[in-house]
Amino acid sequence: MLDLTEILESLDLGKISVPKAKKLLSLYSVEKIEDFAKMDMSRKLRRGIPEVIFAEKKEFSDLKKIILATTSKADSVLVSRINKSHYKKILTFSKRNKLKIQAGKNTTTILFFKKLSSTGGKVGILTAGTSDVGVAEEARLMCESMGCQCICSYDVGIAGIHRLFPIVKKMIRDEVDAIIVVAGMEGALASIISSLVDIPVIGVPSSVGYGYGEKGVAALASMLQSCTLGLSVVNIDNGIGAGAFAANVANRSVRKKSGLDNSKTS
């Protein structure tokens with residue numbers, strides 16, 4: 001298959017048609033790694049979201065190959081939920097191969113990058129308790145991989161609701177474009193935040209809780225049937241998905257403000 005430069009040069013010289021070039025470019029965007037993985041290398045260009053590798057069930061040898069292949073062509077890749085027995089090995093592997101990384105607190109998710117942009121929007125990230133921090137950190141890493149600045153405050157749940165108001169004031173003052181709220185137990189924090197601000201709020205129910213509504217079920221049900229408007233909800237512990245959604249909202253807001261979004265409405 002032609003490489004990217006050859007495709008563009010052939011199109012410019014009239015050697016291939018636009019449909020043919022489009023087909024070749026779509027093939028180029030998929031990086032096949034032996035017989036076990038096909039990486040979406042153009043996802044960030046197409047959607048603004050980097051490739052994400054779910055590492056939990058992957059073999060360590062395969063994971064190394066995927067990371068090397070992806071980082072050779074992409075500016076960043078997020079590797080989520082690395083097996084705890086592999087985590088220290090991955091850190092050593094990264095250092096040996098001179099790969100830049102950002103890690104998160106209480107999570108085995110790692111962001112690998114060549115360079116990170118800081119031209120995106122602003123995202124606020126809150127957690128109800130310290131048990132929710134790992135999920136929030138996954139959201140932060142995703143947002144930062146998409147060029148967003150994150151304003152984070154953890155352990156501000158409703159059991160001590162007075163902790164919440166100073167950080168909400170700061171987020172409003174700093175004009176965050178979206179707010180992610182991670183909460184377990186009954187998940188009430190997301191509804192409260194949504195009732196206080198005119199900013200899109202993404203609720204993330206975390207698998208913190210016990211008894212009848214254990215493993216995040218009560219928090220998910222509470223957020224889904226919230227009576228406050230403007231609250232969107234992702235699946236239990238889905239910090240990655242929440243980060244991608246919030247960063248897309250924030251980045252589109254920045255483009256609108258700067259006049260860089262050329263989309264038209266009829």
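Is there a residue being over 25 Å from I193 (Cβ atoms) and β-branched (V, I, T) anywhere in the range 141-157?
Within the range 141-157 (the criterion being over 25 Å from I193 (Cβ atoms) and β-branched (V, I, T)), the answer is no, since none of the residues qualifies.
Confirm whether D237 is part of a loop (DSSP other than H, G, I, E, B), buried (at least 21 other Cβ atoms within 10 Å of the Cβ) and not hydroxyl-bearing (S, T, Y). Give the steps one after another, and end with the answer.
Values: part of a loop (DSSP other than H, G, I, E, B): yes; buried (at least 21 other Cβ atoms within 10 Å of the Cβ): yes; not hydroxyl-bearing (S, T, Y): yes.
The answer is yes for D237.
The conditions are (1) of a type in the set (A, V, I, L, M); (2) under 30 Å from I82 (Cα atoms); (3) assigned to a helix (DSSP H, G or I), and V254 fails exactly one of them. Which is it?
Status for V254: all satisfied but (2).
Return yes when F54 is free of Cβ contacts under 8 Å to residues at least 60 places away in the same chain, aromatic (F, W, Y) and in contact with a helix residue (DSSP H, G or I) (Cβ under 6 Å, 6 or more places away or on another chain) and no when it is not.
Numbers: free of Cβ contacts under 8 Å to residues at least 60 places away in the same chain: yes; aromatic (F, W, Y): yes; in contact with a helix residue (DSSP H, G or I) (Cβ under 6 Å, 6 or more places away or on another chain): no.
No.
Inspect the range 174-182 for any residue being among the aliphatic types (A, V, I, L, M) and assigned to a helix (DSSP H, G or I) and give the result as yes or no. Steps first, please.
Within the range 174-182, the first condition is being among the aliphatic types (A, V, I, L, M), and the residues that meet it are 176, 178-182.
With assigned to a helix (DSSP H, G or I) added as a condition, the list becomes none.
Scanning the range 174-182, I find no residue that is among the aliphatic types (A, V, I, L, M) and assigned to a helix (DSSP H, G or I), so the answer is no.
Say we look at the range 121-132 and pick out the residues that are surrounded by fewer than 24 Cβ atoms within 10 Å (Cβ to Cβ) and in contact (Cβ under 8 Å) with a residue 40 or more places away in the chain; which of these is nearest to N248 (Cα to Cα)? Spell out how you get there, then give the answer.
Looking only at the range 121-132, we keep the residues that are surrounded by fewer than 24 Cβ atoms within 10 Å (Cβ to Cβ), and these are 122, 129-131.
Still in the list and also in contact (Cβ under 8 Å) with a residue 40 or more places away in the chain: 122, 129, 131.
On the way: K122: 11, G129: 26, S131: 26 Å.
Top of the filtered list is K122.
How about the range 182-205: which of its residues are farther than 15 Å from A159 by Cα and out of contact with any Ser or Thr (no Cβ under 6 Å at 6 or more places or on another chain)?
Taking the range 182-205 as the starting set, the residues that turn out to be farther than 15 Å from A159 by Cα are 194-205.
Passing the criteria: L196, V197, D198, I199, P200, G203, V204, P205.
Out of (1) within 22 Å of the chain's Cα centre (by Cα); (2) without any contact (Cβ under 8 Å) to a residue 12 or more places away in the chain, what's the single condition that is false for S258?
Failing condition for S258: (1).
Can you list residue pairs whose Cβ atoms sit under 7 Å apart, with the first residue in the range 199-211 being on the phi > 0 side of the Ramachandran plot and the second being in a loop (DSSP other than H, G, I, E, B)? Count only pairs 6 or more apart in sequence or on different chains.
G209/G184; G209/M185; G209/K215; G209/G216
I'm trying to understand the selection: among the residues of the range 206-232, which are crowded, with 17+ Cβ neighbours inside 10 Å and in contact with a Ser or Thr (Cβ under 8 Å, 6 or more places away or on another chain)?
S206, V208, G216, A219, S222, M223, S226, L231
Which of (1) modelled with pLDDT of 95 or more; (2) part of a helix (DSSP H, G or I) does V204 not meet, given it meets every other one?
Status for V204: all satisfied but (2).
Could you list all residues from the range 153-181 that are without any contact (Cβ under 8 Å) to a residue 60 or more places away in the chain and either surrounded by 19 or more Cβ atoms within 10 Å (Cβ to Cβ) or not assigned by TED's automatic domain parsing to the domain that holds A244 (or both)?
Answer for the range 153-181, where residues must be without any contact (Cβ under 8 Å) to a residue 60 or more places away in the chain and either surrounded by 19 or more Cβ atoms within 10 Å (Cβ to Cβ) or not assigned by TED's automatic domain parsing to the domain that holds A244 (or both): Y154, V156, G157, L164, V168, M171, V181.
The values are calculated or read from the model by the stated rules, or taken from the named source; none is laboratory data. Treat the numbers as computed from the prediction; the structure is a model and nothing was measured. We place every Cβ from the backbone using ideal geometry, glycine too, and count neighbours over all the protein chains shown.
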